[in-house]
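Following: one structure in structure tokens, then a few remarks.
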Amino acid sequence: MSYVIEGATGPWELVIGLEVHAQVVSKSKLFSGASAEYGAEPNSQVSFVDAAFPGMLPVINAECVAQAVRTGLGLKAELLLRRSARRLSDQPVRAPHRGKGRDRHRA
Amino acid sequence: MTLEFTLSGARDALRARRISSRELTSAHLAAIAALEPDIHAFITVTPEQALAQADAADAAIGRGEGGPLAGLPVAIKDLFCTKGIRTTAASRILDGFVPPYESTVTANMLRDGAVFLGKTNLDEFAMGSSTTTSAFGPTVNPWQRRGANAALVPGGSSGGSAAAVAAGMALASTGTDTGGSIRQPASFCGIVGMKPTYGRCSRWGVVAFASSLDQPGPFARTVEDTAILLGSMAGHDPKDSTSASRPVPDYAAACHRGVRGLRIGIPREYRADGMSAEIEALWSQGIAWLREAGAEIVDVSLPHTKYGLATYYIVAPAEASSNLARYDGVRFGLRVPADDLTDLYEETRAAGFGAEVRRRILIGTYVLSAGYYDAYYLKAQKVRALLLRDFTEAFERVDALLTPTAPSAAFGLGEKSDDPLQMYLNDVFTVPASMAGVPGISVPAGLDADGLPLGLQVLGRHFDEETVFAVGAALEAAAGFSARPAIRMEAGR
């Protein structure tokens, strides 16, 4: 089904997408073993991975992935897992965001 | 005579109590003290730690214990984080950084009883082919041209590790290989260097350059010695999601398999335009040696080889620009004080990174930026898939490939340094295997007209290091390479 409106230069098809962000429920962070519990003292739940120490590698939290997959299957959706390579404004090298939409490459 | 030991020979002598680890370690520390002014292979030497580890190893051997590397003095590329020992990546930006953790690879070696002599020099962040971009000054190759004493580069980026082993300052050492950083310096320094399959050794605790390419591996003076060291370095690590969950075979045993019945591919595209007659002759010699040892020689094609370098120099800087974003002066390493946060970032990075690192951050940021991403990075990823397919198809027909390691012998210190493109061409024979993730070894096979060592490279299937070691050992046996560098520790010197 499509919804078309007539514009001055021709017909325009209206396409609406929803971007839904949901917080997963997990004991530890998405890419490190540090606690994700709310209300702790500042800087008390930071691992060497979170602080991006040299040589540290992220390991994805399997429970978070399982929740995302279950949600997707429940919605009868197609699942795509993508790595974000976006640069954020608080990073030192301020390059333009890549990609066409600003959230296009988010996992 | 202690410095003429191989790793396996020293291990046997230690077990038979013909020598103690303290004697062996002291002899190597003396060699370092004597040769460092000429070679500068090390950024940090750790004699107290080495002697303490040696004494612990002697005690363990005395009790009939002691792991596979017990009491063996080795050197560690200063890209591996070592707990409590300064780790620099040869960059000013890590000024004062002392890791509170031990990399998985070095932890595996310590578990097996190794003695660490110190941290070796490298190109800054492993970016280079000559060990001249180090913030701590260049390493000099222990080899010299016949009748000349001009300083030559040891290759790179693991040039300090290669030079230390070549000169007798360590029995073996660790390196990392992103586009040839183990194999090319092994060739330049007349020793053996092995890059395992991507995922064979954990990258946890290794300062990252290009994460989809970086792979730790061993240097030593014999093929078997690299096999022994890899057996200790390798293994699954849950802290590195790309590390392979498969058992570590007996690599040293594989060195004695021989090559009878193996099919060895000769990739025709590696006969690059302008290949020197000496390299071509060495390659032909290597083919003849393997044929005489019972292997079948097969002509194969890796049609996308010519795109290897161009693709690598998009993918590697892209990943580097992302990996090096963390060095901002806030949490560790160098900090240049400034009035606001942006100035702090910018002034710290301007002061902390050398010219080659800056060049690669710029290239990487460019190829990842909006409008250029599809044209460069995305296209490079597609070509990388074709490079991998070349190898996959070739390995359906052959068990291993034989090529030269590098297009030349070691060049002079200062040559090529003002021309990055000339420098990048050093990696032309090593980069395709890095892009495909397959294992490779460089074995010293002969000397050029100036008396400098030249290596041959053997490449194998993913996780078939055993065949690579078998073919490498066959080349080693046939070549009988016995030349030694001009600058080295003589027995009794």
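Within chain B, the whole DSSP H helices whose Cα atoms reach 24 Å or more along their own axis and whose mean Kyte-Doolittle score is at least 0.0 are B:21-39.
Mean residue ellipticity at 222 nm, helices only, chain B: -11500 deg cm²/dmol; runs of at least 4 DSSP H residues each add -39,500 (n - 2.57), and the sum is divided by the number of residues. Based on C-alpha pairs under 8 angstrom that are at least 6 apart in sequence, chain B has a relative contact order of 18 percent.
For the pair the range B:76-107 and the range A:17-83, the centres of their Cα atoms are 28 angstrom apart. Shape class of the range B:52-151 from the Cα gyration tensor (axes a ≥ b ≥ c, square roots of the eigenvalues): oblate, since a/c reaches 1.5 or more and a/b does not exceed b/c. My understanding is that a pair violates if its Cα-Cα distance is over 29 Å; which of A:LYS29/B:LYS195; A:LYS29/B:LYS83; B:LYS83/B:LYS195; B:LYS195/B:LYS306 do that in this structure? Exceeds cut-off: A:LYS29/B:LYS195. Using bins of 10 Å that start at zero, the share of Cα-Cα pairs per bin across the range B:137-238 amounts to 17, 47, 28, 7, 1, 0, in whole %. Considering all C-alpha pairs of the range B:65-108, those separated by over 11 Å amount to 69%. At the listed q of 0.17, 0.20 Å⁻¹, the Debye profile of the range B:185-288, built from one uniform point per Cα, gives log10 I(q)/I(0) equal to -1.02, -1.17. A Stokes-Einstein calculation at 25 °C with viscosity 0.890 mPa s, built on the Kirkwood radius of the range B:304-361 over Cα pairs, returns a diffusion coefficient of 192 µm²/s.
Rounded to two decimals, the Cα-based Rg/Rh of the range B:110-153, with Kirkwood Rh, is 1.14. Amide H contacts of B:HIS236: B:ARG246, each under 5 Å away and 5 or more positions distant or on a separate chain (H built 1.01 Å from N in the peptide plane; Pro and chain starts excluded). Relative to its residue count, the protein assembly as shown spans a Cα convex hull of 197 Å³ per residue.
Going by accessible surface with a 1.4 Å probe and the largest first, B:TYR312, B:TYR198 read B:TYR198, B:TYR312. Hydrodynamic radius of the range B:328-437 by the Kirkwood approach over all distinct alpha-carbon pairs: 17.8 Å. Remark: relative contact order (the range B:351-493) = 22 percent; criterion is Cα-Cα distance under 8 angstrom and separation of 6 or more residues.
Summing +1 for each Lys or Arg and -1 for each Asp or Glu among the other residues whose beta-carbon sits under 13 angstrom from that of B:THR467 gives 0. Note on B:TYR366: accessible area is roughly 100 Å² with a 1.4 Å probe, heavy atoms of protein only. Looking at the protein assembly as shown alone, DSSP beta bridges between its own residues are antiparallel in about 75 percent of cases. The Rg/Rh ratio of the range A:1-81, with Rg taken over Cα atoms and Rh as the Kirkwood radius over Cα pairs, comes to 1.23. Each residue was assigned an accessible area with a 1.4 Å probe, and for B:ASP299 the value is about 90 Å². Scaling the Cα radius of gyration of chain B by the globular reference 2.2 N^0.38 Å produces a ratio of 0.91. Amide H to amide H, with H built 1.01 Å from N, B:ILE43 comes under 5 Å of B:LYS119, B:THR120, B:ASN121, counting only residues 5 or more places away or on other chains. Converting phi to 3J(HN,Hα) with the Karplus coefficients 6.51, -1.76 and 1.60 and the offset θ = phi - 60°, the range A:60-67 yields 5, 6, 4, 5, 5, 5, 4, 5 Hz in sequence order, with x at every glycine or proline. If you take the Cα centroid of the range B:305-326 and the Cα centroid of the range B:373-411, the two points sit 14 Å apart.
The values are calculated or read from the model by the stated rules, or taken from the named source; none is laboratory data. Small disclaimer: the values here were computed from a predicted structure and weren't measured. Cβ sites come from the backbone with ideal geometry, for glycine too, and all protein chains shown count toward neighbours. In case anyone asks, the SASA skips ligands and DNA or RNA and just uses the protein heavy atoms, side chains included. Shrake-Rupley method; radii C 1.70, N 1.55, O 1.52, S 1.80 Å.
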